[in-house]
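Asks: My structure is below; once you've seen it, I'll send some questions.
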Amino acid sequence: MDKILDQLNPAQKEAAQTIDGPLLILAGAGSGKTKTITARLAYLISLGIDPSSILTLTFTNKAAKEMRERALAMLNNPRHPPLLCTFHKFGLLFLKLYIDRLGRSNTFIIIDTEDKKRILKSFKPDLPVSLIASEISKYKNSLIEPEQAVADARLPNFKKISRIYERYQNYLYENNLVDFDDLLALTYKILDQDKRLCAQISQKYQYVMIDEFQDTNELQNMLVQKLCATHDNICVVGDDDQSIYGWRGANVKNILDFPKTFANTKIIKLEKNYRSTKKILEAANELISHNRNRLGKHLEATKEEGDAVRVLHFNDEQEEAMEIGRRIQKLIQKGINPSQIALLFRINALSRSIEEAFNRLGINFKLVGAIRFYERAEVKDIISYFRIITNPKDDFSLKRIINRPRRGIGKITYEKLSQAAHQKGIAIVEFISQSNEQELARLVGKKNAKTLVQFVKDLEHLRTVAQKEPYFFVEIFEERIGLKKYYHAMPDGTERIANIDEFYGLFRDHLKQNPQNSLEEFLAEISLQSDQDQIGGEAVNIMSVHASKGLEFEHLFVIGMEEGFFPLTGDGCDIEEERRLGYVAITRAKKGLSLSYVKNRFYKGRRTYLQRSRFLNEAGLCTGSVRIEKSVGFKKGDLVKHKIFGIGRVIGVSRAGKEYKLTINFGGRQRDILSSFVERV
């Protein structure tokens, strides 16, 4: 064990040998976090501490597997290894032993996200299933029971969702099913109700370690406190500067307030960076220093000074994509493995120009953690509409969009139309246009007949617009079809609308460059892009900044460094979380880092002149005024508490003079409250 400890730097060694009491290991990017906590785990066991009394919780199975293997290798694989698993695996193990406390059988089956959506879809809701699933998940992670949700709901949609939540929970109970959120929510419920059992579990696990603590949500934080009900031997590891998952419930205050939650917390900072050159770390340190809500640390380079961080400026996204592609080609020609090169973006819509440029240049790439632009559902929807507008006989495309947005045209109705059209030897759209409304009503019902007649009229009108007034086609198409409104209601609506706007902008740009081209010719051109075959061999990585967390690359390019793209701006955006994303992006680079911005690009569907990102100034990479903004401290999805109205969820944020106005849903009743009158739960 001494040999292992000798390989640690002084801060890492101190962290590994701190045994008793609450410990916060503030681990900067590339600072040897995993090495430190696995050494600490091995050190505990080497002292003779019973391995079964040590519990280590992570967020991914990959992280748990890596830690387990490294720790056990230090100890020559002990006979009784400690429990090292994800939060949800711990919940599963716990429920298998104690779910009977809730009157349930431990023969329960776990359902995945698709199973959950299938169950909800069977209830035939008139709201998007993904929206309902997301809200039910929020209820569970906020420990709100169906009865309470129903009683508190005021707004019509929340009344519907709360009733569906009640029906869904009854279905799970009757069929002895458990969903992903239940693994933690039910575990917490049992520990909260049974104080004696809670004490037993806490006494069983005398030493608790939590990895990536900055990513915990409220429920996970509360569960950790239950596990430490009888002691304070808790070690949490994380980096408040890399808390980037607020949009999915992670609360950076859990790590910021840890010293308040557990008295006499010892804080050890791992600040020596073993990944990046000095120049890259200088930019990262400068950028993150502008955040106010942080515990504070300063990364120190252990590598050489390195090349200066490059700031690239281009006219538009096509020029940006092609020039970066050429630079990547030169790196590969110099012998750099393509897998050690990555390109990052803040929003997925920016990948389209990169994908097209790399295809033209013959650069093999893989899109990590995302779907290729032309394969995204919302983009495929628009393409299907455009195809049926240009070719009314395209039944394949019609099947995809006939009920998107929802028109009440279900599978049975579609099959009736298909059979009737087939008998006449014509396409479905032709069949509808040739039938009068009364004939259709006898086949599919009066309401559906009226809907279908109007639908075909809309398609015919859009066909005329595409031929005679192509420059107005997108606006009229959106007005008639309403795809953006349909996708806006979904949990990831903002991202989907950005992709729709990107596609609309692509069409407008195509018309400007090729004024004689038809809608059909535009579709032919993009089909060549979307059907491009992948080249074999090593690939350059293209991904969002979120997907890059935990990874590292020799050479890194970050595109879209403009206001509105990186950082995202506007109501509900948390500038401090955006800045943390910038910090994460920069610290992925080991040797070469290039940040690019353009003079103009498609922005919300139109070509717009953009401002350079404030982050380039804040990182000390460009001269100019640094924009300092007071962080609102609240964002969409946050749970807040008001002294009169109780607990609610933020559904909107806007500026109100020197303050911020929060639109809060208090159990279905919506109120606008100034941010200074509430606190985060």
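Asks: Take ARG387 and tell me if it is touching a residue at least 60 places away in the same chain (Cβ under 8 Å), open to solvent by less than 30 Å² (accessible area, probe 1.4 Å) and among the basic types (Lys, Arg).
Replies: no
Asks: Can you go through LEU172, LEU102 and tell me which one is among the aliphatic types (A, V, I, L, M), surrounded by fewer than 15 Cβ atoms within 10 Å (Cβ to Cβ) and more than 20 Å from TYR486 (Cβ to Cβ)?
Replies: LEU102
Asks: Separate question: Consider region 556-583. How many of its residues are part of a helix (DSSP H, G or I), buried (at least 24 other Cβ atoms within 10 Å of the Cβ) and of a type in the set (Val, Ile, Thr)?
Replies: Result for region 556-583: 0.
Asks: State yes or no: is LYS124 within 24 Å of GLY249 (Cα to Cα), basic (Lys, Arg) and either without any contact (Cβ under 8 Å) to a residue 24 or more places away in the chain or touching a His at 6+ places or on another chain (Cβ under 9 Å) (or both)? Working first, answer last.
Replies: Values: within 24 Å of GLY249 (Cα to Cα): no; basic (Lys, Arg): yes; either without any contact (Cβ under 8 Å) to a residue 24 or more places away in the chain or touching a His at 6+ places or on another chain (Cβ under 9 Å) (or both): yes.
Judged against the criteria, LYS124 is not a match.
Asks: Additional query: Test of understanding: among ILE409, ILE402, ILE426, ILE341, which residue is touching a strand residue (DSSP E or B) at 6+ places or on another chain (Cβ under 9 Å) and β-branched (Val, Ile, Thr)?
Replies: ILE341
Asks: Still on this structure, I have one more. Which one of the conditions (1) in a helix (DSSP H, G or I); (2) crowded, with 16+ Cβ neighbours inside 10 Å does PRO125 fail to meet, given that it meets all the rest?
Replies: (1) is the only condition that PRO125 fails.
Asks: From LYS253, LYS266, which residue is within 14 Å of PHE213 (Cβ to Cβ), in contact (Cβ under 8 Å) with a residue 60 or more places away in the chain and charged (D, E, K, R)?
Replies: Result of the check over LYS253, LYS266: LYS253.
Asks: Just one of the numbered conditions (1) at pLDDT 95 or above; (2) touching a Ser or Thr at 6+ places or on another chain (Cβ under 7 Å); (3) more than 25 Å from ILE37 (Cα to Cα) is not true of ALA229; which one?
Replies: If we test ALA229 against (1) at pLDDT 95 or above; (2) touching a Ser or Thr at 6+ places or on another chain (Cβ under 7 Å); (3) more than 25 Å from ILE37 (Cα to Cα), just (3) comes out false.
Asks: Could you please let me know if ARG614 is over 18 Å from ALA308 (Cβ atoms), in contact (Cβ under 8 Å) with a residue 60 or more places away in the chain and charged (D, E, K, R)?
Replies: Here the answer is no, as ARG614 does not meet what is asked.
Asks: Kindly indicate whether ASN157 is under 27 Å from GLY21 (Cα atoms) and either part of a helix (DSSP H, G or I) or within 24 Å of the chain's Cα centre (by Cα) (or both).
Replies: It is false that ASN157 is under 27 Å from GLY21 (Cα atoms) and either part of a helix (DSSP H, G or I) or within 24 Å of the chain's Cα centre (by Cα) (or both).
Asks: Looking at (1) crowded, with 23+ Cβ neighbours inside 10 Å; (2) at pLDDT below 90; (3) of a type in the set (Gly, Ala, Ser), which is the only condition ALA589 fails?
Replies: (2)
Asks: Determine which single condition SER137 fails, assuming it passes every other condition in (1) part of a helix (DSSP H, G or I); (2) touching an Asp or Glu at 6+ places or on another chain (Cβ under 9 Å); (3) surrounded by fewer than 19 Cβ atoms within 10 Å (Cβ to Cβ).
Replies: Among (1) part of a helix (DSSP H, G or I); (2) touching an Asp or Glu at 6+ places or on another chain (Cβ under 9 Å); (3) surrounded by fewer than 19 Cβ atoms within 10 Å (Cβ to Cβ), SER137 violates only (3).
Asks: Just checking, does region 175-193 include any residue being more than 27 Å from THR113 (Cα to Cα), surrounded by fewer than 21 Cβ atoms within 10 Å (Cβ to Cβ) and of a type in the set (Lys, Arg)?
Replies: No: zero hits.
Asks: For LEU95, indicate whether it is open to solvent by less than 10 Å² (accessible area, probe 1.4 Å), modelled with pLDDT of 90 or more, within 30 Å of LYS272 (Cα to Cα) and of a type in the set (A, V, I, L, M, F, W, C).
Replies: It is false that LEU95 is open to solvent by less than 10 Å² (accessible area, probe 1.4 Å), modelled with pLDDT of 90 or more, within 30 Å of LYS272 (Cα to Cα) and of a type in the set (A, V, I, L, M, F, W, C).
Asks: Among the numbered criteria (1) under 25 Å from the mean Cα position of the chain (by Cα); (2) within 24 Å of LYS226 (Cβ to Cβ); (3) not hydrophobic (A, V, I, L, M, F, W, C), which single criterion is violated by ARG40?
Replies: All conditions are met except number (1).
Asks: Using the structure shown, decide if LEU331 is under 28 Å from the mean Cα position of the chain (by Cα) and open to solvent by less than 60 Å² (accessible area, probe 1.4 Å).
Replies: Answer is no for this residue.
Asks: Scan region 256-278 residue by residue and report those that are surrounded by fewer than 21 Cβ atoms within 10 Å (Cβ to Cβ) and in a helix (DSSP H, G or I).
Replies: LEU256, PRO259, LYS260, THR261, LYS278
Asks: Of all residues being out of contact with any helix residue (DSSP H, G or I) (no Cβ under 9 Å at 6 or more places or on another chain) and of a type in the set (D, E, K, R) in region 553-598, which is nearest to ARG310 (Cα to Cα)? Just the residue, please.
Replies: Step by step, filter region 553-598, then rank; the result is GLU562.
Asks: I would also like to ask the following. I want to confirm something. Restricting to region 350-363 and keeping residues that are open to solvent by 20 Å² or more (accessible area, probe 1.4 Å) and not small (Gly, Ala, Ser), which single residue is nearest to the chain's Cα centre (by Cα)?
Replies: Looking only at region 350-363, we keep the residues that are open to solvent by 20 Å² or more (accessible area, probe 1.4 Å), and these are 356, 359-362.
Right, trim to not small (Gly, Ala, Ser) and you get 356, 359-361.
Working: GLU356: 24, ASN359: 27, ARG360: 30, LEU361: 30 Å.
Looking at the filtered set, the residue picked out is GLU356.
Asks: Could you pull out every one of the helices (runs of 4 or more DSSP H) wholly within region 390-500 that has 1 or more residues that are surrounded by fewer than 17 Cβ atoms within 10 Å (Cβ to Cβ) and among the β-branched types (Val, Ile, Thr)?
Replies: Those helices (runs of 4 or more DSSP H) span 411-424, 446-468, 473-481.
Per-residue answers, yes or no, for (1) buried (at least 24 other Cβ atoms within 10 Å of the Cβ); (2) of a type in the set (Asp, Glu):
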{"residue": "MET209", "(1), (2)": "yes, no"}
{"residue": "GLU212", "(1), (2)": "yes, yes"}
{"residue": "ASN221", "(1), (2)": "no, no"}
{"residue": "LEU227", "(1), (2)": "no, no"}
{"residue": "ILE234", "(1), (2)": "yes, no"}
{"residue": "ASP241", "(1), (2)": "yes, yes"}
{"residue": "TYR245", "(1), (2)": "no, no"}
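Asks: Restricting to region 287-308, give me the number of residues that are over 26 Å from ASN251 (Cβ atoms) and either open to solvent by 50 Å² or more (accessible area, probe 1.4 Å) or under 28 Å from the mean Cα position of the chain (by Cα) (or both). Can you show your working first?
Replies: Kept after step one, since they are over 26 Å from ASN251 (Cβ atoms), are these residues of region 287-308: 300-308.
When the remaining residues are screened for being either open to solvent by 50 Å² or more (accessible area, probe 1.4 Å) or under 28 Å from the mean Cα position of the chain (by Cα) (or both), the result is 300, 302-305, 307-308.
Residues flagged as over 26 Å from ASN251 (Cβ atoms) and either open to solvent by 50 Å² or more (accessible area, probe 1.4 Å) or under 28 Å from the mean Cα position of the chain (by Cα) (or both) within region 287-308 amount to 7.
Asks: How many residues does region 338-349 hold that are open to solvent by 10 Å² or more (accessible area, probe 1.4 Å) and either assigned to a helix (DSSP H, G or I) or not hydrophobic (A, V, I, L, M, F, W, C) (or both)?
Replies: 5
Asks: Now, a different point. Pairs please, first residue from region 357-379 and more than 22 Å from ASN337 (Cα to Cα) and part of a helix (DSSP H, G or I), second anywhere and basic (Lys, Arg) and at pLDDT below 90, Cβ atoms under 6 Å, 6+ apart in sequence or on different chains.
Replies: Once the first residue is more than 22 Å from ASN337 (Cα to Cα) and part of a helix (DSSP H, G or I) and sits in region 357-379, its partners that are basic (Lys, Arg) and at pLDDT below 90 give PHE373/ARG352; GLU378/ARG496.
The values are calculated or read from the model by the stated rules, or taken from the named source; none is laboratory data. The structure presented is a predicted model; accordingly, all values stated were derived computationally and were not measured. Reconstructed Cβ throughout: ideal geometry from the backbone, glycine too, with neighbour counts over all protein chains shown. Surface accessibility is based on the protein's heavy atoms, side chains included, excluding ligands, DNA and RNA. Shrake-Rupley method; radii C 1.70, N 1.55, O 1.52, S 1.80 Å.
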